[in-house]
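Undergrad: Questions regarding the structure given below will be posed in turn.
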Amino acid sequence: MRLANRMEQIGIESAFDVLVSARALEESGRSVIHLEIGEPDFRTPAHIVEAAKQALDEGWTRYGPTQGLPELRQVIAEHVSHTRKVQVGPEHVCVVPGGKPILFFPMLALLEPGDEVIFPNPGFPIYESMIRFLGAKPVPIPLVEERSFSFDLDILRKSLTSRTKMLILNSPQNPTGGVIPEEDVREIASLVAERDLIVLSDEIYSRICYEPEPPVSIASLPGMLEKTIILDGFSKTYAMTGWRIGYGVMPLWLVDAVNKLMVNSNSCTASFTQRAAITALTGPQTEVESMVQEFRSRRDAFCDALNRIPGFRCALPGGAFYAFANIRETGVPSKQLADMLLEEAGVACLNGGAFGEYGEGYIRFSYANSRDNLMEAARRIKAMSVRWFR
Ligand SMILES: Cc1ncc(COP(=O)(O)O)c(C=O)c1O
């Protein structure tokens, strides 16, 4: 049986492939430090786990409303209104299994062949995968290392056309850890304000930020709320990647379409998980704060160690838990270097080119691993680089 043609266009996430290769090496007896996967290495806070157990005991085991439990949507609306300084109600919120469906459903609902979608490159690989899958035209905008990995705004300006239907923003960013500065967010808003397009603002790392001020959501700027979809969720902030729960906050005209896609695919998000999510947002936030503090000190130590390795240079990322090291001076292509790091040094990491062509010359390390492992990884990388690149 032949697969549908559209399957030739869909991409993958290489983190999962590298994980398989790394596990195979481990099974052959090698020691591997895992810096490839993008998930917190912490446990979900105990009070959230307790809330899920209690919900199961109370019988939250049935189908729920497609859009999400009203109590959870209310809590999310309050949280988003407070953190983004906007006014949204529960009717704007769609609860879905993870952050990813808020890429999948709105893109499926909005994009048609010939539509152009602007997105960051290097960037989360699912953006380009979905754009291509739907037959739309990918318009990558290079991120500039010297501008905290923010867009090259001149290229953005020139790339906007009458066919631009969607602009994807991601701050703090995967894979660079960059945070778009407020003046850039304002400039981007002024460029798109008068245009008939929608902004998909991926804010999944919004709470994992080391800057003095939280990242500015484009939705908070005048006139932008009506043309922005905010993607957020519980995976990263509450170390809940395996629970599969996230949400989108969007203009009302889009909610019905997202609900229809949800009812045709998942019916609803797991009910007991949603009960636990209410506790996550309304309960104590101390563990989130200490996780972010821990990420910050690992970031400082690991980037410092990377900067002492010949051929490596790593800017201090403002958010998320990724170090995006510039490795051009090694003279080795990113893919080859990532393979060498895994096979020779036993450090699993991702080739920057897997995040788009402008990621070539970089390696992404996730520092969601213990400080000891990070320091050992840096030691191994240095030992290998001294052998090869001196
Ligand atoms: C930028 C970005 N957006 C969205 C997601 C998806 O998150 P979730 O696991 O909640 O689907 C990820 C996960 O790695 C991500 O890095």
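The values are calculated or read from the model by the stated rules, or taken from the named source; none is laboratory data. Please read all numbers here as calculations on a predicted model, not as lab measurements. Every residue, glycine as well, gets a Cβ built from its backbone with ideal geometry; the counts of neighbours run over all protein chains shown. SASA here: full protein model, heavy atoms, side chains in, ligands and nucleic acids out. Shrake-Rupley method; radii C 1.70, N 1.55, O 1.52, S 1.80 Å.
Undergrad: At a temperature of 20 °C and a viscosity of 1.002 mPa s, determine how fast the chain diffuses translationally according to Stokes-Einstein, using the Kirkwood radius over alpha-carbon pairs as Rh; express D in µm²/s, rounded to the nearest whole number.
TA: Approximately 99 µm²/s, per Stokes-Einstein.
Undergrad: Under the Karplus relation 6.51 cos²θ - 1.76 cosθ + 1.60, θ = phi - 60°, what is the ordered set of whole-Hz ³J(HN,Hα) values for the stretch 363-374, x standing for Gly and Pro?
TA: 10, 9, 10, 8, 9, 7, 8, 5, 4, 4, 5, 5
Undergrad: Among ILE204, ILE278, ILE102, whose mean-square fluctuation peaks in a Gaussian network model of the chain (Cα, cutoff 10 Å)?
TA: Its mean-square fluctuation being the largest, the pick is ILE278.
Undergrad: With every protein chain left in place and a probe of 1.4 Å, what is the accessible surface of THR273, to the nearest 10 Å²?
TA: Approximately 10 Å² for this residue.
Undergrad: Also: Report the label-to-label distance for ARG308 and GLU376 in nanometres (one decimal), using points 7 Å from each Cα along the Cα→Cβ vector.
TA: The answer from the label model is 1.8 nm.
Undergrad: In Å and whole numbers, how far do the C-alpha atoms of the stretch 164-242 stretch along each principal axis, longest first?
TA: 38, 27, 20
Undergrad: If the chain between HIS82 and MET7 were fully stretched, how many nm would it gain, using 0.36 nm times the residue separation less the Cα-Cα distance?
TA: This chain segment gains 22.9 nm when fully extended.
Undergrad: Suppose R0 equals 51 Å. What FRET efficiency, 1/(1 + (r/R0)^6) with r the Cβ-Cβ distance, do SER162 and GLN74 give to the nearest 0.05?
TA: 0.85
Undergrad: What is the set of long-range amide H partners of ASN170 at a cut-off below 5 Å, with H atoms built 1.01 Å from backbone N?
TA: ASP202
Undergrad: Here is a further query. Which percent of the accessible area of the stretch 177-258 is formed by carbon and sulfur heavy atoms (probe 1.4 angstrom)?
TA: 51
Undergrad: Would you please give the FRET efficiency between LEU191 and LEU316, computed as 1/(1 + (r/R0)^6) with r the Cβ-Cβ distance and R0 = 35 Å, to the nearest 0.05?
TA: 0.80
Undergrad: Enumerate the calculated ³J(HN,Hα) couplings along the stretch 46-55 in order (Karplus 6.51 cos²θ - 1.76 cosθ + 1.60, θ = phi - 60°), each rounded to whole Hz, writing x wherever the residue is Gly or Pro.
TA: 4, 5, 6, 4, 4, 4, 5, 4, 4, 4
Undergrad: Long-range amide H contacts for THR228: which residues qualify at under 5 Å (H placed 1.01 Å from N, peptide plane, sequence gap of 5 or more or a different chain)?
TA: HN-HN under 5 Å from THR228: VAL199.
Undergrad: Going by amide H atoms built from the backbone, whose H comes under 5 Å of the H on LEU143, apart from near neighbours?
TA: Amide H neighbours of LEU143: ASN121.
Undergrad: Roughly what % antiparallel, to the nearest 5, for the DSSP beta bridges in the stretch 115-182?
TA: Counting DSSP beta bridges with both partners in the stretch 115-182, the antiparallel share is about 20 percent.
Undergrad: Shape of the stretch 1-75 from its Cα gyration tensor (a ≥ b ≥ c, root eigenvalues): rounded if a/c is under 1.5, otherwise prolate when a/b > b/c, or oblate?
TA: Since a/c reaches 1.5 but b/c is at least a/b, the shape of the stretch 1-75 is classed as oblate.
Undergrad: While we're on this one: Sequence gap at least 6, Cα distance under 8 Å: using those rules, report the relative contact order of the chain to the nearest whole percent.
TA: 24
Undergrad: Write down the accessible area per residue of the chain in Å², having rolled a 1.4 Å probe over the full set of protein chains.
TA: 43
Undergrad: Once label points are set 7 Å from the Cα along Cα→Cβ at both ASN266 and ALA24, what is their separation, rounded to one decimal in nm?
TA: 3.2
Undergrad: Subtract the Cα-Cα distance of GLU226 and GLU343 from 0.36 nm times their separation in residues, and report this length gain in nm to one decimal.
TA: 37.2 nm
Undergrad: What FRET efficiency comes out for LEU108 versus VAL49 if R0 is 25 angstrom and r is the Cβ-Cβ distance? Round to the nearest 0.05.
TA: Computed FRET efficiency for LEU108 and VAL49: 0.15.
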